[in-house]
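Let me begin by presenting the structure, written as structure tokens, before commenting on it.
The values are calculated or read from the model by the stated rules, or taken from the named source; none is laboratory data. None of these values were measured; they are calculated from a predicted model. Note that each Cβ is placed from the backbone with ideal geometry, even for glycine, and that neighbours are counted across all protein chains shown. The area values use the complete protein model at the heavy-atom level, side chains included, leaving out ligands, DNA and RNA. Shrake-Rupley method; radii C 1.70, N 1.55, O 1.52, S 1.80 Å.
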Amino acid sequence: MKNKTWSGRFKKQINEDVLDFSQSLTIDIVLYEADILVTEAHAEMLCKCGHISQKELKKIISGLKKLRLLANNGELPWSVELEDVHMNIESALVDLIGEVGKKIHLGRSRNDLVATDIKMYLRELLDATVLEIRELRKTIATLAVKYHSDIFPGYTHLQIAQPVTFGHHLLAWQEMISRDEERFKNVRLMINSLPLGSAALSGTSLKLDRSMVAKKLGFDSVTKNSMDAVSDRDYVIDFAYSNTMIMMHLSRISEELILWMNPQFNLIEIDESFCTGSSIMPQKKNPDVPELVRGKSGSVYGNLMGLLVLLKGLPLTYNRDLQEDKNIIFESIDTTISSIDIINKLVKTIKLNKQRAYSLAESSFSTATDLAEYLSSKGVAFRDSHHIVGSVVKYCEENNVSMDQLTVVEFNKFSKLIESDIYKCISVTHSVNARKNAGSTSPKNVLKNARLVLATLKKTAENKK
Ligand code: ARG
């Protein structure tokens, strides 16, 4: 018999093709460290509850220690004939310590084991994702400090709308991804309840101390319903959803990078080592990295859909379909982490083309709103100011001049309230400086906010130490 663990009631050996089709070892082998940790905690609990002796526990623990070493050194003889990582670990333990190894599966099933292992593994990947996000936040905030007062064109409808500071735009990215960080942290809360002890689906008749296992493995609580615990994969979907959200943000950021690097915008330079050439056009410097991140976001969305469809229609409790969750979520996490990492490295190399940014920010009547606000500060109702400035803009367009090229006399054709202080008011520098309310683009605000982000990141990193 190929698989001794469940082959008791079978006369025939498993069909080779079925084995090949159904094994999950090639995917779930990455869970081995979690599986060993869970098995250690389970054994200690079994001993405490009197199901195995101290002597047996000692043997099991030292066997698992050896097993970990072998696995870490790539010396464990993994066998796909044993289906998955869990049966491989159990069988390797029996090979190492003999009969007593067979006691380890008491009071547990692969159904609660796989759920526990995957939660432990995802928890680690989630923490790694959060670290990557924090690195990116730091990079962006550092760049925002550097460029807190540099004028940059702000867009709506992809048309130049109002001047902003480049630092302000960067901090908008920072806001997006700090929401992602919070989202991931919430997923951690969803993950952190221990399924082990639910056994196959109904629990076990043995008396267990589940809280002890939870504490040992760093879970905040134990699951409250064994049937839900073995069939719940919500946390996998929550993780996949959080990945789609940050990929969506990275994709939007990528789109902006692509535009800004485009010679027609010419707003930023990216280090050459992050660009690629064309095999035929020698002059090209292409933004392949952000294009790839934008492209990869699509497959991460696909991963989320894959998981939702996988779970849809599954009756309680465990169904083998659930084995398919791993490939999908691992791919989603892999793509997401590597995308955050590469964007972080690329953003570090951004250099603003200050003059180009300034002159674009000055174009397109970008301070028309400032003129309207100027009139309103002199008592004109905003709707009327808006109308007056609309006429000024039309006049300028017809005469092919910018607003600051008009004389006060010309301005006065539209409103007698306009005086010579108007030129200062419609300068881009004044425009950004004047936007001082919380959340607005003034350099002072930007510098304060960027520094606050850096200080918060530093403080929370220190708290973790
Ligand atoms: N390899 C399986 C999985 O990943 C483990 C659980 C198997 N349980 C079962 N009842 N066949 O889902």
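Structure notes:
- In terms of its Cα atoms, segment 349-450 spans 48, 29, 21 Å along the principal axes, sorted from long to short.
- For peptides 220-230, 449-459, sequence by mean Cβ density within 10 Å, most packed first: 220-230, 449-459
- In segment 69-166, GluC sites (Glu not before Pro) in a DSSP loop with at most 11 other beta-carbon atoms within 10 Å: Glu75
- Derived value for the chain: Kirkwood hydrodynamic radius 26.6 Å. Basis is the mean of 1/r over every pair of different alpha-carbon atoms.
- Mean shadow area of segment 123-264 over all directions, Cα convex hull, nm²: 11.2
- Both radii come from the Cα set of segment 192-236: Rg as radius of gyration, Rh as Kirkwood radius; their ratio Rg/Rh reads 0.95.
- Net length gained if the chain between Lys351 and Asn186 were fully extended (0.36 nm per residue, minus Cα distance): 55.9 nm
- Applying a DSSP loop filter and a limit of 16 other Cβ atoms within 10 Å to the trypsin sites (Lys or Arg not before Pro) in segment 251-336 leaves Lys284, Lys285, Lys312.
- Only helices enter the 222 nm calculation for the chain: every DSSP H run of n ≥ 4 contributes -39,500 (n - 2.57), and dividing by all residues gives -20000 deg cm²/dmol, rounded to 500.
- Length gained when the stretch Ile61-Lys444 is fully extended (0.36 nm per residue, less Cα-Cα span): 131.9 nm
- Sequence-distant contacts, meaning Cα pairs under 8 Å at least 6 residues apart, place the relative contact order of segment 148-217 at 18 percent.
- Qualifying aspartates and glutamates (Cα of each under 17 Å from Cα of Lys448; at least 8 residues distant if same chain): Asp150, Glu175
- Proximal lysines to Lys394, defined as alpha-carbon separation beneath 26 angstrom and excluding residues fewer than eight positions away on the same chain: Lys378, Lys413, Lys416, Lys424
- Ellipsoid semi-axes in whole angstrom, largest first, where each is sqrt(5λ) of the Cα gyration tensor of segment 267-392: 48, 29, 12
- For Val222, the residues whose amide H sits under 5 Å from its own are Leu194, ignoring neighbours fewer than 5 places away on the same chain, with H placed 1.01 Å from N.
- Comparing Cα centroids, segment 105-123 and segment 397-456 end up 61 angstrom apart.
- Pairs from Lys103/Lys216; Lys58/Lys215; Lys12/Lys65; Lys102/Lys326; Lys185/Lys351; Lys59/Lys185 whose Cα-Cα separation, in the structure shown, is over 29 Å: Lys12/Lys65; Lys185/Lys351; Lys59/Lys185
- Under 17 Å from the Thr429 label point (7 Å along Cα→beta-carbon), backbone N, segment 353-379: 354-363, 367
- Full-extension gain in nm, Lys102 to Phe382, via 0.36 nm per residue minus C-alpha separation: 92.7 nm
- Karplus-derived HN-Hα couplings along segment 241-251 (A = 6.51, B = -1.76, C = 1.60, θ = phi - 60°), whole Hz, x at Gly and Pro: 5, 4, 4, 5, 5, 6, 5, 4, 5, 5, 5
- Restricting segment 360-420 to trypsin sites (Lys or Arg not before Pro) that sit in a DSSP loop and have at most 10 other Cβ atoms within 10 Å of their own Cβ leaves Lys416.
- Residues listed by number, segment 345-377, amide nitrogen under 18 Å from Lys416 label point at 7 Å toward C-beta: 375-377
- Atom-type composition of the exposed protein surface of the chain places 54 percent of the accessible area on carbon and sulfur (1.4 angstrom probe).
- Cα-Cα separations in segment 392-465 greater than 14 Å, expressed as whole percent: 71
- Entry note, the chain: relative contact order of 17 percent, from Cα contacts under 8 Å with a spacing of 6+ residues.
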